[in-house]
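This report refers to the structure that appears directly beneath it.
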Amino acid sequence: MRSDIVDFLVKLLCKSCFGRTAQPTTVGLCLPKKVSLDTGHARATYLNTNNDFLPLTAKMEGLGKKEESVATVETDAAAASAMISVTDLTSYMYCPRLLFQQKVLGYEEKLNPAMVLGGIRHKFYDLTNKYEEALVVHLPETSREIILEAYSKSYQNLLRHVVASHSNSLALFDIAPEEVVAKLQPIAAAEAGERAENVYSFAAKSSVFGKELWQMLSPKILSELKVKSPMLRLKGTVDRVEIHPNTILPIELKTGKMPSDGVWPSHRVQAAAYMMLLQEKFNTAVTKAVVRYLDHNSSKTVVLNPYMELEVKELTEKVVRLLQGNTEPKPCGRVNCNCTR
Ligand code: SF4
């Protein structure tokens with residue numbers, strides 16, 4: 001019974017791993033033999049109401065779709081183009097010259113391995129969140145261990161699919177997909193553990209399962225949530241947002257070094273900007289954000305205050321002025337930095 005349940009849940013996330021097309025890898029997992037696309041979308045599937053496996057992208061495309069008039073779309077597009085992105089603020093903090101070169105002069109940032117790995121990570125988290133409803137609805141009324149096993153196996157399979165869907169980009173840097181799967185496995189395991197525990201403890205408290213469990217589950221987690229505000233002149237995508245009954249918590253997922261105290265200044269600005277954007281979107285106070293340093297398995301809280309809000313507004317003003325102007329900032333002379341263009 002136990003393995004049947006797990007198999008069923010795994011199939012929800014991974015049609016290719018039924019054993020027909022998969023091949024074992026050195027890390028003891030399997031990867032699809034053929035990967036023809038490198039679109040950044042996993043070749044995962046979901047189960048619709050007719051019990052057919054459909055491409056995940058079909059489900060994703062249907063999410064949040066609504067009928068919009070041409071006029072509305074055009075107005076939205078015009079408003080969006082007048083806004084800068086939150087990442088422009090942090091890019092400006094690092095180097096106004098590079099930001100100007102990219103946004104005004106059109107210099108493209110060269111693809112590098114860190115960008116590819118970052119994209120894989122983001123896509124993995126995005127898909128785990130988008131799949132959670134299907135997973136929760138089909139969970140059996142059972143123990144913590146079985147729920148954890150279902151999450152773990154499903155997320156490991158999803159990770160393999162996401163990595164496989166980036167195999168062309170990885171090949172540009174001679175990086176084997178198996179290597180990336182092995183590197184990111186702990187992240188997938190941690191994510192599975194956290195979500196399984198959240199679901200198990202809520203189900204144990206409320207004694208509900210299936211659709212009812214999903215409907216009542218709290219917190220609900222949204223990922224890659226797009227936010228924008230013509231008033232703030234900002235737009236962006238929040239890595240993760242937890243919707244609690246009385247509060248909303250944005251979470252930024254970061255790789256790389258972590259400061260010994262607090263968060264990096266650019267992460268503080270990003271967190272503050274997203275809190276301000278979410279406040280407007282949900283029309284409620286959003287006063288705390290979390291920056292999660294994935295490589296250190298550590299989360300730090302940022303509390304919004306008026307100084308931070310002012311900092312975001314002043315930075316926005318500076319970036320808008322830079323991007324609307326025609327003056328390329330001069331090299332600043334930072335040591336070990338590349339100002340060749
Ligand atoms: S040295 Fe050049 S690239 Fe580096 S931060 Fe300064 S202006 Fe930017």
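Nothing in this text is a laboratory measurement; each read-out follows from the coordinates by a stated rule. As the structure is a prediction and not an experimental result, all values here were calculated from the model. In this analysis, Cβ positions are derived from the backbone assuming ideal geometry, glycine residues included, and neighbour counts consider all displayed protein chains.
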- Message: Among the listed pairs K226/K257; K235/K257; K153/K257; K103/K330, which have their C-alpha atoms separated by more than 22 angstrom in this model?
- Response: K226/K257; K235/K257; K153/K257
- Message: Longer than 20 Å from Cα to Cα, which of K130/K220; K130/K183; K123/K254; K123/K211; K123/K183 are they? Say none if no pair is.
- Response: K130/K183; K123/K211
- Note on the structure: Residue by residue through segment 316-326, the couplings from Karplus 6.51 cos²θ - 1.76 cosθ + 1.60 with θ = phi - 60°, in Hz, x for Gly and Pro, are 4, 4, 5, 5, 4, 5, 4, 6, 8, x, 10
- Pull up all non-local amide H partners of L304: gap of 5 or more, or a different chain, and H-to-H distance under 5 Å with H placed in the peptide plane. K288, A289
- Task: Report, as a whole number in µm² per second, the diffusion coefficient that Stokes-Einstein gives for segment 220-324 at 4 °C and 1.567 mPa s using the Kirkwood radius over alpha carbon pairs.
- Result: 92 µm²/s
- Message: Given Cβ point charges of +1 (Lys, Arg) and -1 (Asp, Glu) and nothing else, what value in debye, to the nearest 20, does the dipole of segment 220-324 about its Cα centre take?
- Response: 220 debye
- Note on the structure: Sequence order, segment 126-135: Karplus ³J(HN,Hα) from phi using 6.51 cos²θ - 1.76 cosθ + 1.60, θ = phi - 60°, Hz rounded, Gly and Pro as x, gives 4, 6, 4, 5, 5, 8, 4, 4, 4, 5
- Query: Expressed as a whole number of Å, what is the distance separating the alpha-carbon centroids of segment 218-278 and segment 289-341?
  - Reply: 14 Å
